[in-house]
1. Tally up the residues in the stretch 65-87 that are assigned to a loop (DSSP other than H, G, I, E, B) and either surrounded by 15 or more Cβ atoms within 10 Å (Cβ to Cβ) or aromatic (Phe, Trp, Tyr) (or both), please.
2. Could you run through the stretch 88-130 and say how many residues are of a type in the set (A, V, I, L, M) and not in a helix (DSSP H, G or I)?
3. Among the residues of the stretch 42-53, is there at least one that is farther than 25 Å from Cys186 by Cα, part of a loop (DSSP other than H, G, I, E, B) and not aliphatic (A, V, I, L, M)?
4. Any residue in the stretch 48-64 that is closer than 17 Å to Ala141 by Cα and either at pLDDT 95 or above or of a type in the set (Ser, Thr, Tyr) (or both)?
5. Could you please let me know if Val168 is under 25 Å from Pro223 (Cβ atoms) and in a strand (DSSP E or B)?
6. Determine if the stretch 152-169 includes at least one residue that is in contact with a Pro (Cβ under 7 Å, 6 or more places away or on another chain), closer than 16 Å to Gly14 by Cβ and crowded, with 21+ Cβ neighbours inside 10 Å.
7. State all residues of the stretch 216-234 that are buried (at least 19 other Cβ atoms within 10 Å of the Cβ) and over 12 Å from the mean Cα position of the chain (by Cα); if no residue qualifies, say none.
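The values are calculated or read from the model by the stated rules, or taken from the named source; none is laboratory data. Predicted model, so just to flag it, every value in this text is computed and none were measured. Heads up, the Cβs are rebuilt from the backbone with ideal geometry, glycines too, and the neighbour counts pull from every protein chain shown.
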Amino acid sequence: MDRRFEGRVAIVTGAASGIGRAAALRLAREGAIVLAADRSSAVEQTVAEIRGAGGMATAHEGDAADEGFVVGLVAAAVSVHGGLHAMFANAGVSGGLVPLAELTLADWHEVLRVNLLGAFLAIRESARAMRAAGLPGSIVATASVAGLRSGAGGLPYSASKAAVINLVQTSANQLAGTGIRVNAICPGLTETGMTKPIFDLARARGSEARIGQLNPLKRYATPEEVAALACFLLSDEASYVNGQAIAADGGLSSSHPTVPGRFA
């Protein structure tokens, strides 16, 4: 595999499972020194796998929406490894599928806190470190196709991901002239810890083959497929991609609702 991150330092939040774990593993295989962060102790397993394969990584257990934790995480990258080149702000929560009439302010607060404020803290702190060191860098945040239009998540989740897309766009412009790029990925249905209930229910019903049927590829994504897009955006290969929200959804967001294969 190409060593396009050789000698570079990367932070991945939400690295204990799913897309974050897949991205951390790939970044390390491609030469990055990875700071893997998650509030779950399972992040230690991600780091153990990286080290077992000969890569370099450290585990950092904490809340990606806690200001002190994020400040300390970026400071560790700078003080221990000499700088920060790549930030993947991936941590997020779904909030479930609660009907509009039953939603509470508490439901909204937690989803917005983790999904939006966590992304903001990651962008702010990594950009500060990159600018202080005079380093060009790349920041990627995980949004969602749910942030593009209705039909892919609950209200707080969808609104938070729409806000992440706007946050990325405005941050890229705020950082004009610095050489720091900020982009978002918008995954479609992907098998991760967050979507596990959907997959478990479908398998129990014997309808697993129907998961993801609404997109033109007629299947769901693996974490590795989505992580590949994130790593591309974090790399120099995407040196002229900035302020974008790119969907990895099998084509789901390319169409208005239709029955795939029918034209009438």
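1. Let us first name the residues in the stretch 65-87 that are assigned to a loop (DSSP other than H, G, I, E, B), namely 65-66, 82-85.
Cutting the leftovers down to either surrounded by 15 or more Cβ atoms within 10 Å (Cβ to Cβ) or aromatic (Phe, Trp, Tyr) (or both) gives us 65-66, 83-85.
Adding up the residues that qualify gives 5.
2. If we filter the stretch 88-130 for residues that are of a type in the set (A, V, I, L, M), which is where we start, we get 89, 91, 93, 97-98, 100-101, 103, 105-106, 111-112, 114, 116-117, 119, 121-123, 127, 129-130.
From what's left, not in a helix (DSSP H, G or I): 89, 91, 93, 97-98, 103.
Looking only at that region, the number is 6.
3. Let us first name the residues in the stretch 42-53 that are farther than 25 Å from Cys186 by Cα, namely 44-45, 47-53.
Now drop any that are not part of a loop (DSSP other than H, G, I, E, B), which leaves 53.
If we keep only those that are not aliphatic (A, V, I, L, M) too, we end up with none.
For the stretch 42-53, residues farther than 25 Å from Cys186 by Cα, part of a loop (DSSP other than H, G, I, E, B) and not aliphatic (A, V, I, L, M): absent.
4. First, the residues of the stretch 48-64 that are closer than 17 Å to Ala141 by Cα: 63-64.
Adding the requirement that they be either at pLDDT 95 or above or of a type in the set (Ser, Thr, Tyr) (or both) leaves 63-64.
Yes; the residues of the stretch 48-64 include at least one that is closer than 17 Å to Ala141 by Cα and either at pLDDT 95 or above or of a type in the set (Ser, Thr, Tyr) (or both).
5. Details: under 25 Å from Pro223 (Cβ atoms): yes; in a strand (DSSP E or B): no.
For Val168, the condition - under 25 Å from Pro223 (Cβ atoms) and in a strand (DSSP E or B) - is not met.
6. Looking only at the stretch 152-169, we keep the residues that are in contact with a Pro (Cβ under 7 Å, 6 or more places away or on another chain), and these are none.
No, the stretch 152-169 contains no residue that is in contact with a Pro (Cβ under 7 Å, 6 or more places away or on another chain), closer than 16 Å to Gly14 by Cβ and crowded, with 21+ Cβ neighbours inside 10 Å.
7. Initial filter on the stretch 216-234 (buried (at least 19 other Cβ atoms within 10 Å of the Cβ)): 220-221, 223, 226-227, 229-231, 233-234.
Correct list: Tyr220, Ala221.
Table: residues versus (1) buried (at least 24 other Cβ atoms within 10 Å of the Cβ); (2) out of contact with any helix residue (DSSP H, G or I) (no Cβ under 7 Å at 6 or more places or on another chain); (3) without any contact (Cβ under 8 Å) to a residue 60 or more places away in the chain; (4) farther than 14 Å from Cys231 by Cβ.
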residue: Thr13; (1), (2), (3), (4): yes, no, no, yes
residue: Leu27; (1), (2), (3), (4): yes, no, no, no
residue: Ala37; (1), (2), (3), (4): yes, no, yes, yes
residue: Ser40; (1), (2), (3), (4): no, yes, yes, yes
residue: Thr46; (1), (2), (3), (4): yes, no, yes, yes
residue: Gly54; (1), (2), (3), (4): no, yes, yes, yes
residue: Asp63; (1), (2), (3), (4): no, no, yes, yes
